[in-house]
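Student: Let me begin by handing over the structure; questions about it come next.
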Amino acid sequence: MKILVLGAGRMGHGAAFDLIYNSPEIEAVTIADSDFAKAETVAAQINHPKLQAKQTDVSDYAAVARLMRGHDTAISCVNYWYNLELSKAAIETGTNFCDLGGNNYIVDAQLALDAAAKKANINIIPDCGLAPGMVSLLAMHGANRFDEIEEIHIRVGGLPQNPKPPLDYQLVFSVEGLINEYVETARVVRDGVIAEVDSMTELETLAFDNFPALEAFQTSGGTSTLPETFHGKIKELDYKTIRYAGHCEKIKAMIDLGLCSSDDVEVENIKIKPRQILSELLQKNLPSDEPDYVLIRLEFVGTKDGTRKRLRYDIVDEFDRKTNLSAMMRTTAFPASIIAQMMAKGEVSARGATPQELAIDAEKFVAELARRNIVIVES
């Protein structure tokens, strides 16, 4: 198998690491970035003869298409707005494709390429990171344990091990993706009907052993295609982001003040987009590479053998000091790597552009997570 990783940020690094060190069937991995020095740095840190660095600007369609040729699968670890054109390049070159997703509208456009992907005899599977991503397959895995499923509630968060004010948060993935999650609407299923609710609403408290007070609130993107997949089969489905207590109120105040707006504001005859300023300030003032945790909780309600039952999946992952990989890198990049390899090996149920929960064997996926010491605790 020859795999292409587009983007040499944290998640590209994590995907390349998994392909090299957790995947014995890999023949070669290419990591590409518009900044060749970044790609070279990742290649040097991973330090393996199967890994090579390339310079490629993902906004250059022709250049990306040339690079994709000769690879079995491409993994996009770049910002979500590139993923539609990258999917089209994958179809043109006959390359399987997955990405870390994060935007419902882009994903809808990618899935609309289903007929073209089938004709090209490839798989396009968007939203393959953590959430959206891994949690979709965990949701399917848990739902399969029931004869009838009534409710699925998903809670996920990346948290610093040593939280610092003012937000008790650190940047562990794209700041643009983070802001998107906070400002766009969330897809849910309520009383059997697909609906949209505002992000930063429906605040709740929750507890994990050995953690201080936590909260969870609605955010965009986490359910991905699950509302459509389970439509007509489930009464309640939702996704909320976990943070240390107090985070939601502070972010909501910024949103209410317009700091996440993409509309121009004129200041001393200069037009400025508040969202761009906030993005720069978050990157400047929040930590980004300190030890972290990822907390995952899925709760299921349904019937089995005529009895109503509840099931909970908990995962607590943390910064790996041996590999120097963050919990967010492990739980976001590793799932994308696993799916990329499944596509390359022909282990996906059908060709085309398909949601992962309909295309990927959830049992095999969970077994691959466990092999990487990402373990579900059931109760």
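Student: Would you please name the residue that is farthest from Leu325 (Cα to Cα), looking only at residues in the range 22-36 that are in contact (Cβ under 8 Å) with a residue 40 or more places away in the chain and not β-branched (Val, Ile, Thr)? So that I can check it myself, show each step before the final result.
Tutor: If we filter the range 22-36 for residues that are in contact (Cβ under 8 Å) with a residue 40 or more places away in the chain, which is where we start, we get 22-23, 25-26, 30.
From what's left, not β-branched (Val, Ile, Thr): 22-23, 25.
On the way: Asn22: 13, Ser23: 17, Glu25: 22 Å.
Ranking the qualifying residues of the range 22-36, first place goes to Glu25.
Student: Separate question: Out of the residues in the range 210-219 that are assigned to a strand (DSSP E or B) and free of Cβ contacts under 8 Å to residues at least 60 places away in the same chain, which is nearest to Gly177 (Cα to Cα)?
Tutor: Gln218
Student: Which of the residues belonging to the range 204-240 are within 23 Å of Thr354 (Cα to Cα) and of a type in the set (A, V, I, L, M)?
Tutor: Leu226, Ile234, Leu237
Conditions (1) under 21 Å from Met11 (Cα atoms); (2) aliphatic (A, V, I, L, M); (3) buried (at least 23 other Cβ atoms within 10 Å of the Cβ); (4) in the same structural domain as Gly158 (by TED's automatic domain parsing), marked per residue:
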residue: Thr332; (1), (2), (3), (4): yes, no, yes, no
residue: Ala336; (1), (2), (3), (4): yes, yes, yes, no
residue: Ala340; (1), (2), (3), (4): yes, yes, yes, no
residue: Met343; (1), (2), (3), (4): yes, yes, yes, no
residue: Ser349; (1), (2), (3), (4): no, no, no, no
residue: Gly352; (1), (2), (3), (4): no, no, no, no
residue: Pro355; (1), (2), (3), (4): yes, no, no, no
residue: Ala370; (1), (2), (3), (4): yes, yes, no, no
residue: Asn373; (1), (2), (3), (4): yes, no, no, no
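Student: Pro165 fails exactly one of the following numbered conditions: (1) assigned by TED's automatic domain parsing to the domain that holds Glu204; (2) at pLDDT 95 or above; (3) within 29 Å of Asn324 (Cα to Cα). What is the number of that condition?
Tutor: (2)
Student: Can you give me the number of residues within the range 266-317 that are aliphatic (A, V, I, L, M) and farther than 19 Å from Phe173 by Cβ?
Tutor: Number satisfying all stated conditions: 7.
Student: Kindly establish whether Pro227 is at pLDDT 95 or above, outside any loop (DSSP other than H, G, I, E, B), farther than 12 Å from Ser199 by Cα and assigned by TED's automatic domain parsing to the domain that holds Pro163.
Tutor: Taking the combined requirement at face value, the residue satisfies it.
Student: Let me ask you something else. Given the conditions (1) over 30 Å from Thr241 (Cα atoms); (2) surrounded by 22 or more Cβ atoms within 10 Å (Cβ to Cβ); (3) of a type in the set (Val, Ile, Thr), report the number of the one that Thr41 does not fulfil.
Tutor: Exception for Thr41: condition (2).
Student: Looking at the range 311-339, which of its residues are polar (S, T, N, Q) and outside any helix (DSSP H, G or I)?
Tutor: Selection gives Thr323, Asn324, Ser326.
Student: Mind checking which residues of the range 314-362 are over 12 Å from Asn123 (Cβ atoms) and either touching a Pro at 6+ places or on another chain (Cβ under 8 Å) or of a type in the set (Lys, Arg) (or both)?
Tutor: Step one: filter the range 314-362 for residues over 12 Å from Asn123 (Cβ atoms), giving 314-338, 357, 361-362.
Once the filter is applied, which keeps residues that are over 12 Å from Asn123 (Cβ atoms) and either touching a Pro at 6+ places or on another chain (Cβ under 8 Å) or of a type in the set (Lys, Arg) (or both), the range 314-362 yields Glu318, Phe319, Arg321, Lys322, Ser326, Arg330.
Student: Can you tell me which residue within the range 77-126, out of those that are under 20 Å from the mean Cα position of the chain (by Cα) and at positive phi, is surrounded by the most Cβ atoms within 10 Å (Cβ to Cβ)?
Tutor: Gly102
Student: Would you mention how many residues in the range 215-252 are within 17 Å of Val135 (Cβ to Cβ) and either surrounded by 19 or more Cβ atoms within 10 Å (Cβ to Cβ) or in contact with a Ser or Thr (Cβ under 6 Å, 6 or more places away or on another chain) (or both)?
Tutor: Final tally of qualifying residues: 22.
Student: Residues that are closer than 22 Å to Val172 by Cα and part of a strand (DSSP E or B): does the range 243-262 have at least one?
Tutor: Scanning the range 243-262 turns up at least one residue that is closer than 22 Å to Val172 by Cα and part of a strand (DSSP E or B).
Student: Of everything in the range 46-84, what is in a helix (DSSP H, G or I) and more than 18 Å from Gly12 (Cβ to Cβ)? Give them in sequence order.
Tutor: Tyr61, Ala62, Ala65, Arg66, Leu84
Student: How about the range 180-209: which of its residues are within 19 Å of Asn104 (Cα to Cα), among the acidic types (Asp, Glu) and touching a residue at least 12 places away in the same chain (Cβ under 8 Å)?
Tutor: Listed by number, the residues that qualify are Glu181, Glu184, Asp198.
Student: For residues in the range 20-45 being assigned to a loop (DSSP other than H, G, I, E, B) and of a type in the set (Ser, Thr, Tyr), which is farthest from Arg10 (Cα to Cα)?
Tutor: Ser23
Student: Restricting to the range 271-310, and then to whatever is part of a helix (DSSP H, G or I) and of a type in the set (D, E, K, R), can you tell me which residue is nearest to Ala143 (Cα to Cα)?
Tutor: Result: Arg275.
Student: Additional query: If we keep just the residues of the range 205-228 that are among the β-branched types (Val, Ile, Thr) and closer than 19 Å to Leu100 by Cα, which is nearest to the chain's Cα centre (by Cα)?
Tutor: Once the filter is applied, the top-ranked residue is Thr223.
The values are calculated or read from the model by the stated rules, or taken from the named source; none is laboratory data. Predicted model, so just to flag it, every value in this text is computed and none were measured. FYI the Cβ positions are ideal-geometry reconstructions off the backbone, even for glycines, and counts take in every protein chain you see.
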